[in-house]
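Asker: What follows is a single structure, and I will ask about it in a moment.
The values are calculated or read from the model by the stated rules, or taken from the named source; none is laboratory data. Because the structure is a prediction, the values reported are computed rather than measured. All Cβ positions, glycine included, derive from the backbone under ideal geometry; neighbour counts span all protein chains shown. Heavy atoms of the whole protein, side chains included, go into the accessibility calculation; ligands, DNA and RNA do not. Shrake-Rupley method; radii C 1.70, N 1.55, O 1.52, S 1.80 Å.
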Amino acid sequence: MGLFGGMPVVKLTDAAVARLKSIVAGSATPIAGLRLGLDKGGCAGMTYKIEMVTDPDPKDDVVEQDGVKVYIAPEATLYLLGTTVDFKTDKMQSTFTFENPNQVSACGCGESVSLEAAKV
């Protein structure tokens, strides 16, 4: 599960794995993992959506890496295929970031992106 053509839909960097483990360990309610999806909106057309999963949806693709699980909304799979999820901290923010080969462009503020479905 979570494989598309034999490769994982998304990969996590060590920093993303560590942050997700920290979130799961520090939560007052049990968290199964992180759910990735897409919302329509923003000036470039789509925004990444991140949610903590307490009750997994059986329709989601699941990627398990280094003891953490990432759930991918089925409608987002072709847009996220090959994406690397990282967690970065700088002077202004701490956030999950996405290196997505399906990204065509991004808005100036970096909040929304234009994506094409992966060519499989």
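Asker: Here are some conditions: (1) at pLDDT 90 or above; (2) closer than 15 Å to P8 by Cα; (3) outside any strand (DSSP E or B). P58 meets all but one. Which one does it not meet?
Answerer: (2)
Asker: Any idea which residue in segment 35-59 is surrounded by the most Cβ atoms within 10 Å (Cβ to Cβ), counting only those that are free of Cβ contacts under 8 Å to residues at least 40 places away in the same chain and closer than 17 Å to F96 by Cβ?
Answerer: Applying the filter and picking the extreme gives R35.
Asker: Looking at A25 and the list (1) open to solvent by 30 Å² or more (accessible area, probe 1.4 Å); (2) in contact with an Asp or Glu (Cβ under 9 Å, 6 or more places away or on another chain); (3) among the small types (G, A, S), which single condition is not satisfied?
Answerer: That leaves (2) as the condition not met.
Asker: If you take the residues in segment 60-76 that are within 10 Å of the chain's Cα centre (by Cα) and touching a residue at least 60 places away in the same chain (Cβ under 8 Å), which one is farthest from R19 (Cα to Cα)?
Answerer: Taking the candidates together, the pick is I72.
Asker: Could you list all residues from segment 1-22 that are within 18 Å of D57 (Cα to Cα), in a loop (DSSP other than H, G, I, E, B) and either at pLDDT 95 or above or open to solvent by 80 Å² or more (accessible area, probe 1.4 Å) (or both)?
Answerer: Residue satisfying the conditions is M1 alone.
Asker: Something else now. Being among the acidic types (D, E) and either assigned to a strand (DSSP E or B) or in contact with a helix residue (DSSP H, G or I) (Cβ under 9 Å, 6 or more places away or on another chain) (or both) is the filter here, so list the residues in segment 61-75 that pass it.
Answerer: Of everything in segment 61-75, those that are among the acidic types (D, E) and either assigned to a strand (DSSP E or B) or in contact with a helix residue (DSSP H, G or I) (Cβ under 9 Å, 6 or more places away or on another chain) (or both) turn out to be D61, E64, D66.
Asker: Out of L36, L78, I need the residue that is modelled with pLDDT under 90, closer than 17 Å to P8 by Cβ and either touching a helix residue (DSSP H, G or I) at 6+ places or on another chain (Cβ under 9 Å) or not acidic (D, E) (or both). Which one?
Answerer: The conditions single out L78.
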